[in-house]
Structures are given as C-alpha cells and as structure tokens.
Amino acid sequence: MKVLIVGNGGREHAIAWKLAQSPNRPEIYVTPGNAGSSQVAKNVPLQGNTPSAMMQFAAEQEIDLVVIGPEAPLVSGLADQFRAKGIAVIGPSAAAAELEGSKVFAKQFFARHHIPTAAFHSAHSIEEALDALTRFSLPVVIKADGLAAGKGVIIAQSHQEARAAILDLMARQTLGAAGSRVVLEEFLCGEEVSFIVLTDGERILAFPPAQDHKAILDEDRGPNTGGMGAYCDARILTPQQHQTILREIIHPTLGGLRAEGRPFQGFLFAGLMITDNGPKILEFNVRLGDPETQALLHSMRGDFLALLKSCAAGNLDANAVYWDAEPSVCVVLAAANYPGNPRTGDAISGIEQAEECGAVVFHAGTQSRDGKVVTSGGRVLGVTASAPSLPEAIERVYEAASHIQFDGMQKRSDIGAKGRKRWEAESTDNPAATPRRRTATS
Ligand code: AMP
Ligand code: GLY
C-alpha cells in the first residue's frame, strides 16, 4: 500500500510516524515534508508543490491513499481533484471545507441547524459592521471571514479597539480578501476543548478530547500562535459533556452538511468552549489540529492505516484503533521571533537525548543541512510523551525537552497545567479514583 501525505508540519510528521507502525508496512511519501518525516517516510519535493504536480506524482507512483494535512489545499479543492482521478483520499470536498474556509458560512450554518454557538452578526460592509458593533457588549470578538492562519480573530476590550479591528480588516485589508466580510461575536467564557472526530460521512470515531495552548507565553499571555503545546486526556470532559457534544454539535453538523448536499469525509475538529450553559462551538476546522495530533496519535493504539483506509472506502472501522488510558503531552519548541517572522537556520542539538528519555520528538519547522538539523520555521519541534497520569506525562515531557537547544528557542513551561489541576482536584475529592478509560467508540 502506498500513501501520500500532504503537508510539512508536526501534524504531518506525526501522521507519517503513526502510519509507519501499521503491520501492513505501507510505503509512505510526504510532500514536501520536513527533516523528521524523512526518518519514517520518503520526502518528495514536488516542483512548486502544485496540485497538478501532486496529481502526476500520485498517478506515476500508483498511490493508494492520500492524506491531506492542512486546511488551505482542502478549501481550494485538492481532495476533489484526487477523487476525480479515482484516488482514495482522507479530507473533505471544497464544498464541505467551507465550514473552515468561511466564518460567515459557518455561523449561518450553525444558525440554520440550531447548533449552540456564540451570538453573532455577519457584516458585508464597514457601515454594517460598525452599526452592528453598537449592539454588542464587551469584550467583543471580531473575526475575518476567510482563512487567516490564526491571525483572523481579535478579542476587543473596548468599542474603540473593535472599530480599529474592523477598519484594519475591511478598509486597510490587512488580511487581504479574508477580511472582506467579518463576523462580530459574543465573547464566551469557559474552558476550550479540541474535539476531533474522523468520519466517512455517516459513521464517526470520536478521538479523546485535547487542549491546545495558543498564546506564546505562560498563563496564556502574549500574542496567539498556531499552538505552543497540547495534551490529550479523557478527564478534560465528563462522559455527559462528551455525549452532549456528539448530540448537539457533531451529529447536527454532519447531518446538516449531508442535508445541504455537502457530505463531510475526513477529520472534523470542533474548537469548543465549555460554558456554564453547556458546550458551544467556536469554530470547526476540517482537518487534524496541530499540535493536538502529536499528542493524540502518540497515545493511539491499533492500526491507523486500517482506520484511514476504511474511512476513505466509506466504511469506517472504528475498532481499528483505540486509546489506552494514558494521557499524553506535546510541548512545542519555537524559533526566535515567533509568532512574528521567525529566524531560521539555527542548529538544533539534543534531539537524541530527548528521545532517550522516552519522548518522541516530532519535527515541524526543521530542515537537514550538511548532515545537521536546523530550524526552518516558527514552530520547530513538538516533544511528546505519555505516562499513566497527566502529572507524570508533564514531568516526562519537560525532562526530555530540557535536552534540546537552539539559539533563541522559546517554550512554554505550563503546558497541561489546567489538566494537572483537574487531576489534583480529583485525587483530593476521591483518593481512590483511577483514570477513566476512554473507549474508542462513538
Ligand atoms: P477561532 O479561530 O474561531 O477558534 O478563534 C481563535 C481563538 O479565539 C479561540 O481559540 C478562542 O481562544 C478565541 N475565541 C474565538 N471566538 C471566541 C468567542 N466567541 N469567545 C471567546 N473567545 C473566542
Ligand atoms: N491547534 C489548533 C489548530 O490546529 O488549528
């Protein structure tokens, strides 16, 4: 079996790493990949990395399955192109990917299908946005409609700040066409959860819940990034919350997309806020999360390839994989200057020592140069480890990460801290409590 993975981040290295463990021993290609994916798969630099170059490569190599990692190619229809050529693919059509590609579409979709979300107004002009603003209390959230690589959401503490954000997006067009329409949204309080399912359009497999850490600095301070670390732990949600999310958010979304002629196949990632009034959807991504994937796949057991193959064939076999009760943690090591324009070319040391501590080091922004691994992007590495308890997993991952060095390296020291508090509170409430076992069924 030959698999082609599209992308070059930590998520794609983790997908390649997990697929490589399949007893079916697939031949794995990653385009363009990074220094880490080249250890478990073959990186294929394709001219311009264009859809037509990928299509040609897939045809020549007789690729059996394509896994598309990032959102941009999905939103522009790469999955449709592979399917049109009869090549099996994991990832939604452009029509279904609009759920991530347009926040205006997504919010109107939630309203049509009564899916719990923050109150909102979508505005098509500056006048409409400024007029709607007067009806929102503070803080208010302003969102660019289109894809903005994590830069499209502004939480404004004053109406003045909100006005400035609207003018930046719509008049100065700081994010280009992505800001030609905006969504104004009620600010929700609560804890955020990343809830991911794999679906063939009908059947689903819910992954265990995970939590990302978006801000660059400890205690969620500083500007937002793509994600500075994540952990996966069944205790993030109660079984009741898990059921509510499936019943009120996931199933109505998949059913609504089907009813509107946009059936969804692939990874559906719900970014949720758990509020006092229950879980609400902040946004959907139409792909796996990064760095959630590194934590989720680290503690996955079973045959990931069999799972993806069955999904692409429209016959999802949710029993192909399962998760043991061990929580896992991924700590991101980022380059100097990130999330601004990151410095590149810094030599990295200590990866082997980190792995000797029992961690897996997933690569993101790395490149091989003269036999050495150097930085080549904002998020450089994702050090990932599991343990019987979350506090132990945190200790293990930080011990491993302490061996890795490069100039200007940035890392948060509090990944998993909210989860650790939950463990401490639960063991005080009930000293005999054992970890809840999350089954793989939906
Ligand atoms: P999104 O791209 O919609 O997930 O937004 C990025 C981040 O902005 C989320 O992870 C939240 O931390 C924050 N955010 C987005 N929408 C809201 C909201 N309505 N209330 C509070 N925080 C929000
Ligand atoms: N970790 C959040 C994302 O992948 O969008």
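The values are calculated or read from the model by the stated rules, or taken from the named source; none is laboratory data. The structure presented is a predicted model; accordingly, all values stated were derived computationally and were not measured. Neighbour counts are summed over all protein chains in view; Cβ atoms, including those assigned to glycine, are modelled from backbone coordinates with ideal geometry.
Observations, loosely collected:
- Filter result for VAL183 (part of a strand (DSSP E or B) and more than 16 Å from ligand 1 (Cβ to nearest atom)): no
- Checking each residue in segment 87-109 for being touching a strand residue (DSSP E or B) at 6+ places or on another chain (Cβ under 7 Å), buried (at least 22 other Cβ atoms within 10 Å of the Cβ) and either among the polar types (S, T, N, Q) or within 27 Å of GLN173 (Cα to Cα) (or both) picks out LEU99, GLU100, LYS103, ALA106, LYS107.
- When the criteria are applied in full, ILE154 meets the requirement of being within 11 Å of ligand 1 (Cβ to nearest atom) and either in contact with a helix residue (DSSP H, G or I) (Cβ under 6 Å, 6 or more places away or on another chain) or among the β-branched types (Val, Ile, Thr) (or both).
- Checked against (1) away from ligand 1 (no atom under 16 Å from the Cβ); (2) small (Gly, Ala, Ser); (3) buried (at least 20 other Cβ atoms within 10 Å of the Cβ), GLY302 meets all criteria but (3).
- Conditions (1) without any contact (Cβ under 8 Å) to a residue 60 or more places away in the chain; (2) under 29 Å from ALA94 (Cβ atoms); (3) in contact with a Lys or Arg (Cβ under 7 Å, 6 or more places away or on another chain): number failed by LEU169: (3)
- Sub-6 Å Cβ pairs linking a first residue in segment 256-280 that is at positive phi to a second residue that is modelled with pLDDT of 95 or more and small (Gly, Ala, Ser), at least 6 apart or interchain, are GLY266/GLY91, ordered by first then second residue.
- When segment 8-27 is filtered for residues that are surrounded by fewer than 24 Cβ atoms within 10 Å (Cβ to Cβ) and either assigned to a loop (DSSP other than H, G, I, E, B) or without any contact (Cβ under 8 Å) to a residue 40 or more places away in the chain (or both), the ones remaining, listed by number, are ALA20, GLN21, SER22, PRO23, ASN24, ARG25, PRO26, GLU27.
- Of the helices (runs of 4 or more DSSP H) lying entirely inside segment 257-366, those containing at least 1 residues that are hydroxyl-bearing (Ser, Thr, Tyr) and away from ligand 2 (no atom under 16 Å from the Cβ) are 304-312.
- Summed over segment 131-174, residues that are part of a helix (DSSP H, G or I) and either more than 24 Å from CYS189 (Cα to Cα) or among the charged types (D, E, K, R) (or both) total 7.
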